[in-house]
1. Working only within the stretch 143-154, note down all residues that are over 30 Å from Asp43 (Cβ atoms), open to solvent by less than 10 Å² (accessible area, probe 1.4 Å) and not in a strand (DSSP E or B).
2. Could you list, in sequence order, the residues of the stretch 23-33 that are under 21 Å from Glu125 (Cα atoms) and open to solvent by 40 Å² or more (accessible area, probe 1.4 Å)?
3. Any chance you could count how many residues in the stretch 70-81 are part of a loop (DSSP other than H, G, I, E, B) and more than 9 Å from the ligand (Cβ to nearest atom)?
4. Give me the pairs, please: first residue somewhere in the stretch 135-153 and more than 20 Å from Glu169 (Cβ to Cβ) and of a type in the set (Val, Ile, Thr), second residue anywhere and within 16 Å of the ligand (Cβ to nearest atom) and assigned to a helix (DSSP H, G or I), beta-carbon distance under 7 Å, and either six or more positions apart or on two chains.
5. Answer yes or no: is there a residue in the stretch 155-171 that is within 13 Å of Lys66 (Cβ to Cβ), away from the ligand (no atom under 16 Å from the Cβ) and assigned to a loop (DSSP other than H, G, I, E, B).
6. What is the residue count in the stretch 41-69 for residues that are of a type in the set (Gly, Ala, Ser) and within 14 Å of the ligand (Cβ to nearest atom)?
7. Within the stretch 173-189, is there a residue that is more than 20 Å from Asp43 (Cα to Cα), within 16 Å of the ligand (Cβ to nearest atom) and open to solvent by 50 Å² or more (accessible area, probe 1.4 Å)?
8. Taking into account only those residues within the stretch 36-69 that are of a type in the set (S, T, N, Q) and open to solvent by 50 Å² or more (accessible area, probe 1.4 Å), which is nearest to Ile119 (Cα to Cα)?
Amino acid sequence: MRFLKNKNPDIRRMSDLREVLFDKEWAEKAEDFDAYYMYRGVDERDNLRYDITVIPFNMFGSEFPKTKGHYHPQGYGEIYTVLKGKAIYLIQTVSDVYAIYANKGDVAVIPPGSGHITINPGEGELVMANWVSPEFSSDYGPIIEKEGGCYFYTKEGWVRNENYENSPELRFEDPRREIPDDVGFLYNT
Ligand SMILES: [Fe+2]
């Protein structure tokens, strides 16, 4: 992307995600590759950081491409917009788990304190942007501990992650078309 020409992305390799993948047998044997690219701090406004993430369409065996996934601390949310391709945002708390299917121009709101994973279910590259506070560190621990999110999105459809005891039934929410007016949660207010 032209406007990212001079930015060096943080690169997540497939090997960085091995422990959270559905198809571990495949991951053990597969040759490593770039799983996704994170361009952090492309812009900054009102103490919010604008990042761009590029997820090429490289399957993890039978599982669709995805981010590793992390939790935010209470008080900090996030807003994603799809710039190119398709995305599924899997959002989870202890008592709830839901997926938002988003296309170009759609918006997904990540509530404070929730875990979230982005999946690329299309056949091409996914490019998305997010606005987020730079004041906290993402917590990858709980997703790593459970070896993935509550559900995996595979060629066979959604598969429950058995490492979660009594995980809620997966439900679905529509994306938004606009960023909501009330984004106070992004600032921990
Ligand atoms: Fe996040």
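1. Once the filter is applied, which keeps residues that are over 30 Å from Asp43 (Cβ atoms), open to solvent by less than 10 Å² (accessible area, probe 1.4 Å) and not in a strand (DSSP E or B), the stretch 143-154 yields Gly148, Cys150.
2. The answer is Glu31, Asp32, Phe33.
3. Narrowing the stretch 70-81 to residues part of a loop (DSSP other than H, G, I, E, B): 72-77.
Narrowing the set further to residues that are more than 9 Å from the ligand (Cβ to nearest atom) leaves 73-75.
Qualifying residue count for the region: 3.
4. Partner pairs satisfying both residue conditions: Ile144/Val20.
5. Within the stretch 155-171, one or more residues are within 13 Å of Lys66 (Cβ to Cβ), away from the ligand (no atom under 16 Å from the Cβ) and assigned to a loop (DSSP other than H, G, I, E, B).
6. Residues meeting the conditions: 1.
7. Looking through the stretch 173-189, none of the residues is more than 20 Å from Asp43 (Cα to Cα), within 16 Å of the ligand (Cβ to nearest atom) and open to solvent by 50 Å² or more (accessible area, probe 1.4 Å).
8. Here is the first cut: in the stretch 36-69, the ones of a type in the set (S, T, N, Q) are 47, 53, 58, 62, 67.
From what's left, open to solvent by 50 Å² or more (accessible area, probe 1.4 Å): 47, 58.
On the way: Asn47: 27, Asn58: 11 Å.
Here the answer is Asn58.
The values are calculated or read from the model by the stated rules, or taken from the named source; none is laboratory data. The structure presented is a predicted model; accordingly, all values stated were derived computationally and were not measured. Reconstructed Cβ throughout: ideal geometry from the backbone, glycine too, with neighbour counts over all protein chains shown. Each accessible area value is taken on the protein alone, full model and side chains, heavy atoms only, with ligands, DNA and RNA left out. Shrake-Rupley method; radii C 1.70, N 1.55, O 1.52, S 1.80 Å.
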